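Take a look at the structure below.
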Amino acid sequence: MLVLLLGLKHCGKSSLGRGAAQALGTRFMDLDEVAAELLNARGESLPAEETPKAIRRYYEQNGRDAFRALERSAALVVARSAAGTTGDRDTAEHNSDHGLAPNLICALGGGTPENEAAYRLLRPGSRAIYLRERPELLFKRIVAGGVPPFFEGEDPWQAFSTLAARRDALYQDLADVVFELEGRSIGDLLPELIQRIEV
């Protein structure tokens, strides 16, 4: 079974996903990291460039459509890995009986569920868990390192709160499980996430 972690930026998808995978003895993949590796393979990103910077730069330079195509390619890599195949089939629907034990946990990008072409490759047979955190807390985490370029020219909080409300509704609609984080630490949250994965 492929486990998908949904949530807004800085909610802890990667940290929790890695911790859960280690505890459960299974694999972990971060969709943004896979996308960055694809850029590296194309020679479009410096090997030492941090993943968030590489992804942001690609989006800014190439636009949304190119980024979504890249994200779809990354999703296909994850789907094939979860299915245990490297063939050319475009969906993971051929992955037969997943069972209940996860064979791969994947942290999605915040906007991946809005990219239908990418998300539909991952959804068949998977378990989607929405890591839901208070927007006010996430905003503080995001701007701690400076206001992101995509908020320039706008009221940053208004821009973020509008985005958060739209994605919250989508995540809740798509998720099999909504996990309320409530500002707790990774150490406190990890045992509860593992329980939700194993149910």
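The values are calculated or read from the model by the stated rules, or taken from the named source; none is laboratory data. Small disclaimer: the values here were computed from a predicted structure and weren't measured. As a convention, Cβ positions derive from the backbone with ideal geometry for all residues, glycine included, and neighbour counts pool all protein chains shown.
Of all residues in the stretch 1-29, those that are closer than 25 Å to Gly146 by Cβ have Cβ atoms under 6 Å from Cβ atoms of residues that are buried (at least 18 other Cβ atoms within 10 Å of the Cβ) and among the acidic types (Asp, Glu), 6 or more apart or on another chain, in Cys11/Glu133; Ser14/Asp30. Taking the conditions (1) more than 27 Å from Arg134 (Cα to Cα); (2) within 11 Å of the chain's Cα centre (by Cα) in turn, Glu37 satisfies each one other than (2).
Of all residues in the stretch 166-199, those being small (Gly, Ala, Ser), in contact with a Leu (Cβ under 7 Å, 6 or more places away or on another chain) and over 24 Å from Ala101 (Cβ atoms) number 1. For the stretch 160-199, a residue qualifies if it is in a helix (DSSP H, G or I) and in contact with a Gly (Cβ under 9 Å, 6 or more places away or on another chain), and the qualifying residues are Leu163, Arg167, Tyr171, Ile186, Gly187, Leu189, Leu190, Leu193, Ile194. If you check Arg80 against the conditions, is it out of contact with any helix residue (DSSP H, G or I) (no Cβ under 6 Å at 6 or more places or on another chain), assigned to a helix (DSSP H, G or I) and at pLDDT 85 or above? Answer is yes for this residue. With respect to the conditions (1) of a type outside the set (Ser, Thr, Tyr); (2) without any contact (Cβ under 8 Å) to a residue 60 or more places away in the chain; (3) surrounded by fewer than 17 Cβ atoms within 10 Å (Cβ to Cβ), Arg141 lacks only one, and its number is (2).
Can you say whether Ala41 is closer than 23 Å to Asn103 by Cβ and either in contact with a Lys or Arg (Cβ under 7 Å, 6 or more places away or on another chain) or in a helix (DSSP H, G or I) (or both), as far as the supplied structure shows? The answer is no for Ala41. For beta carbons closer than 8 Å, sequence separation of 6+ or different chains, a first residue in the stretch 170-199 that is small (Gly, Ala, Ser) and a second that is part of a helix (DSSP H, G or I), the qualifying pairs are Gly183/Leu137.
Only one of the listed residues (Ala66, Ala23) is part of a helix (DSSP H, G or I) and over 23 Å from Val199 (Cβ atoms). That residue is Ala66. The single condition among (1) outside any helix (DSSP H, G or I); (2) in contact with a Ser or Thr (Cβ under 9 Å, 6 or more places away or on another chain) that Ala75 does not satisfy is (1).
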